[in-house]
Amino acid sequence: MRVITPDQFLTQAWKNGGGVTHEIAREDRDGRLLWRLSIAEVASDGPFSAFPGLTRILTVIEGAGLHLHTAGGRLDALPLTPVLFSGDTPVDSRLIGGPVRDFNLIWDAGRLDASVRLLDGALPDCMPAPGRSHALLALSALETPAVPARAIALFDRLDAGPAPGFRGLLVTLDQRL
């Protein structure tokens, strides 16, 4: 297991001045992005960056949420509720009651299957499988294994068990073999 703490995140201000992105981890293959994990601090309404040819899951981790306006209608990104959409989709966001922090998984859906789910008080069995990896964003501190609050753990295997008081987001990435 590799733990990445917030002081190791790569922080970049947005070109439009509406926030910052903290890149946590990424994998590139054959000169193209395979997947990326990041946390964005959204301070104002405005457009989202496009990620052509990629898929995205956004999960609000702090704040009331975002209304994501697209040509196909509005998506509501509410706290701790993963929202899936295409990186090709033009998105204009509107804050619901103030700034938010959101966790983002962006991936190449032609080469990977991916998911994000909320964990609340227990850890699932994450058994190794060919081409499978996981990431765990600790929204609160996890004692066993030790993952500080706001850190990310990257791993191939994690044994299930109770984790009283723990909340986190579990990312599963499955390479198409």
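Condition first: more than 20 Å from Thr21 (Cα to Cα), part of a strand (DSSP E or B) and assigned by TED's automatic domain parsing to the domain that holds Glu27. Can you find one or more residues in segment 76-89 that meet it? Yes - at least one qualifying residue is present in segment 76-89.
Look at Arg167 and say whether it is more than 27 Å from Asp28 (Cα to Cα) and not in a loop (DSSP other than H, G, I, E, B). The answer is yes for Arg167. Exactly one residue out of Ala43, Ala71, Ala64 is at pLDDT below 95 and more than 22 Å from Phe9 (Cβ to Cβ), and it is Ala71. Step by step: first the residues of segment 134-173, then only those that are among the charged types (D, E, K, R) and buried (at least 16 other Cβ atoms within 10 Å of the Cβ), then the one that is farthest from Ala122 (Cα to Cα). Which residue is that? Result: Arg150. Can Asp156 be described as among the acidic types (Asp, Glu) and in contact with a Leu (Cβ under 8 Å, 6 or more places away or on another chain)? So Asp156 fails the test.
This table checks each residue for (1) among the basic types (Lys, Arg); (2) under 19 Å from the mean Cα position of the chain (by Cα); (3) in the same structural domain as Leu54 (by TED's automatic domain parsing).
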{"position": "Ile96", "(1), (2), (3)": "no, no, yes"}
{"position": "Leu118", "(1), (2), (3)": "no, yes, no"}
{"position": "His134", "(1), (2), (3)": "no, yes, no"}
{"position": "Pro145", "(1), (2), (3)": "no, no, no"}
{"position": "Ala151", "(1), (2), (3)": "no, yes, no"}
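Among residues of segment 139-166 that are among the polar types (S, T, N, Q), those with a Cβ under 8 angstrom from a residue that is loosely packed, with under 13 Cβ neighbours inside 10 Å and assigned to a strand (DSSP E or B), sequence gap 6+ or separate chain, pair up as Ser140/Gly165; Thr144/Gly161. Does segment 23-44 contain at least one residue that is surrounded by 13 or more Cβ atoms within 10 Å (Cβ to Cβ), of a type outside the set (Asp, Glu) and part of a loop (DSSP other than H, G, I, E, B)? Checking segment 23-44: at least one residue is surrounded by 13 or more Cβ atoms within 10 Å (Cβ to Cβ), of a type outside the set (Asp, Glu) and part of a loop (DSSP other than H, G, I, E, B). Does Gly97 count as surrounded by fewer than 13 Cβ atoms within 10 Å (Cβ to Cβ) and either of a type in the set (D, E, K, R) or outside any loop (DSSP other than H, G, I, E, B) (or both)? Against the criterion (surrounded by fewer than 13 Cβ atoms within 10 Å (Cβ to Cβ) and either of a type in the set (D, E, K, R) or outside any loop (DSSP other than H, G, I, E, B) (or both)), Gly97 does not qualify. Among the residues of segment 100-113, some residue qualifies, meaning at least one is modelled with pLDDT of 95 or more, surrounded by fewer than 13 Cβ atoms within 10 Å (Cβ to Cβ) and not in a strand (DSSP E or B).
The values are calculated or read from the model by the stated rules, or taken from the named source; none is laboratory data. Since we're looking at a predicted model, the values are computed, not measured. So basically every Cβ, Gly included, is an ideal-geometry build from the backbone, and we count neighbours across all protein chains shown.
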